[in-house]
Amino acid sequence: MTVSMRSATYRLYPRREQERKMIRFLNGTRRVYNHLVHVCRNCISLGVSIPTEFDLNNMALRMRREEPNLQEIHSHCFLTVAKRVHNAFMAWVKRHNDGVGFPRFRSYKMYDSFTYTQNTDYAFVGKNGEKDRRERIRLGMIGLVKFSNPYIIEGECKTATVYRKRIGNHYEWFVTIAYAVEDLMKDTEFMDPTMAKRDAGLDLGLENLVTMSDGTVIPNDRTYRKKERELANVQRSLSECEKGTPDYYKRLGKLSHKYKKTRNHRKDMFHKISRELSVRYGNIAMEDLSVKEMAEGSPKGMRKSYRDAGWNTFTRMTVYKVEETGHTVTFVDPAYTSQICSSCGTLVPKDLSARVHKCPHCGLTMSRDSDA
């Protein structure tokens, strides 16, 4: 039986007292994190092997027992701190010959999350703590917190990560719950029973975000490009303010909200498109593109367009939605996919400016993206 990991994110609306507790959780786990980083650095400087994750766990829990301030924090939150430090130094061991530096100490602005490792540490309850209700979420040693998101988790809950995002001069709080589902879900509610699901090829592009092998084309929304001038005006007004003044934070908040709206618009669009593709098609094949490499090797004007397209986010959403329907997404080598004729297989060289594929051998003429 296949077990798949999924996650659901909920927006939190803590009271001031609860927010202070969350900040104490962050500060306490950050102190332990920095202490463990210091221990591992000393071990490396002395030529001693890095402590195991088990040893780091014991150090973290010992530090919690010895310091009264840390006893206000749930003990399970320290387990992921030790795991973070251990994973960071194990990654350094593998890559330090490439010039990668030591894992850094975390400042207040660089540490924004803590994790409950067991599903008994949190639960969805009623306003007064009643079981089997979904009016509040109970977080261990924090209390009953308001949340928004009607999504009901159908699976075994695992960990819950509470984190904050800075928007202007304030923070927004979220919790992401990881859960396991034993069977891939069959989303038959939105499917047309008269339409047979067929396999298809998918090509990602800049002019059109998606071009399917059956001729279906989804235009590129160019989300950031549309908002670029508006964002530039707000950034210009922000640069005219003296840092630290009330007007500065007011305009900073306005700029942050505009960026947030742009991100949410793109994510909402990608969710709708990927859901439609998972419902309409079966197995999907697409190019295994590296956006980072493409952007670095492109002219300056093209880099922003590649990042604005958001191919990585769209691909990730498409993969898990297709898998939920019981089908798969296959990634193929992107080399020459735009130059090989789909009819006769002949290599027809062309540069990026050529948007139409014309095969001199079989006479096929069609859109470059459709041919790919």
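Using only the alpha carbons of the stretch 1-41, what is the convex hull's orientation-averaged projected area in square nanometres? Mind dumping the intermediate values first?
Details: hull surface 22.4 nm².
Its average projected convex-hull area is 5.6 nm².
Wrap a convex hull around the Cα atoms of the stretch 24-83, take a quarter of its surface area, and give that in square nanometres.
Numbers: hull surface 14.7 nm².
Over all viewing directions, the stretch 24-83 projects a mean Cα-hull area of 3.7 nm².
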Worksheet entry | For the stretch 1-130, alpha-carbon Rg and Dmax in angstrom | 17.1, 56
Worksheet item: Among S113, S237, I218, whose Cα sits farthest toward the positive end of the charge dipole of the stretch 107-263 (+1 at Cβ of Lys/Arg, -1 at Cβ of Asp/Glu, about the Cα centre)?
Response: S237
Item to complete: Hey, can you grab everything whose amide H is under 5 Å from the amide H of Y171? Only 5+ residues off in sequence or another chain; H modelled, so Pro and N-termini drop out.
Response: none
Worksheet entry | For the chain, built as a Gaussian network whose Cα springs stay under 10 Å, the top-fluctuating residue of S75, S148, S298 | S298
Worksheet item: How large, in Å, is the chain by the Kirkwood hydrodynamic radius built from its alpha-carbon pairs?
Response: 24.6 Å
Item to complete: Compute the long axis of helix 16-45 from its Cα atoms, compare it with the longest principal axis of the Cα atoms of the chain, and write down the angle in degrees, 0 to 90, nearest 10.
Response: 90 degrees
Practice prompt. Give the Rg (one decimal place) followed by the Dmax (whole number) of the stretch 63-114, computed from C-alpha coordinates and expressed in Å.
Written response: 13.9, 42
Worksheet entry | Using alpha carbons only: equivalent-ellipsoid semi-axes of the stretch 137-186, gyration tensor based, whole Å | 25, 14, 10
Worksheet item: So what is the calculated 222 nm ellipticity per residue for the chain, using -39500 (n - 2.57) for each DSSP H run with n of 4 or more, over all residues, to the nearest 500 deg cm²/dmol?
Response: -13500 deg cm²/dmol
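In the neighborhood of H76, defined by Cβ-to-Cβ distances under 15 Å, what is the net charge if each Lys or Arg adds +1 and each Asp or Glu adds -1?
Here the charged neighbours net out to +3.
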Worksheet, complete the sentence: Hits in the stretch 271-288: amide N under 20 Å from the 7 Å Cα→Cβ extension of R222, namely none
Worksheet item: Once Rh for the stretch 220-269 is found with the Kirkwood sum over Cα pairs, what is the Stokes-Einstein diffusion coefficient at 37 °C and 0.692 mPa s, in µm²/s?
Response: 284 µm²/s
Response to the item:
Rounded to one decimal in Å, the inverse mean reciprocal Cα-Cα distance for the stretch 200-311, i.e. its Kirkwood radius, is 16.3 Å
Response to the item:
Karplus-derived 3J(HN,Hα) from phi for the stretch 269-279 (6.51 cos²θ - 1.76 cosθ + 1.60, θ = phi - 60°), whole Hz, x at Gly and Pro, runs 5, 5, 4, 5, 5, 5, 5, 5, 5, 5, 7
Practice prompt. Tabulate in residue order the Karplus-calculated ³J(HN,Hα) for the stretch 281-298, using 6.51 cos²θ - 1.76 cosθ + 1.60 with θ = phi - 60°, rounded to whole Hz; enter x for Gly and Pro.
Written response: 10, x, 6, 10, 10, 9, 6, 8, 8, 10, 5, 4, 5, 5, 5, 5, x, 10
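Would you mind estimating how fast the stretch 89-165 diffuses translationally, via Stokes-Einstein at 37 °C and 0.692 mPa s with the Kirkwood radius over Cα pairs, in µm²/s?
Values: Rh = 15.5 Å.
The estimated diffusion coefficient comes to 212 µm²/s.
Say R0 is 51 Å: what FRET efficiency, to the nearest 0.05, do A335 and S107 get from their beta-carbon distance? The partial results should precede the final answer.
Details: r = 43 Å, r/R0 = 0.85.
The computed FRET efficiency comes out at 0.75.
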Practice prompt. Restricting attention to the chain, give the cysteines that have no other cysteine Cβ less than 4.7 angstrom from their Cβ.
Written response: C40, C43, C77, C157, C241
Discussion item. I'd like the Karplus ³J(HN,Hα) series for the stretch 145-154: coefficients 6.51, -1.76, 1.60, θ = phi - 60°, whole numbers in Hz, and an x wherever there's a Gly or Pro.
Written reply: 10, 5, 8, 9, 1, x, 5, 9, 7, 10
Practice prompt. Evaluate the charge dipole of the chain about its Cα centre and quote only its size in Debye, nearest 20, assuming +1 on the Cβ of each Lys and Arg and -1 on the Cβ of each Asp and Glu.
Written response: 1960 debye
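Every number in this text was worked out from the coordinates using simple rules, so none of it is lab data. Everything numeric here is computed off the predicted structure, so don't read it as measured data. Every residue, glycine as well, gets a Cβ built from its backbone with ideal geometry; the counts of neighbours run over all protein chains shown.
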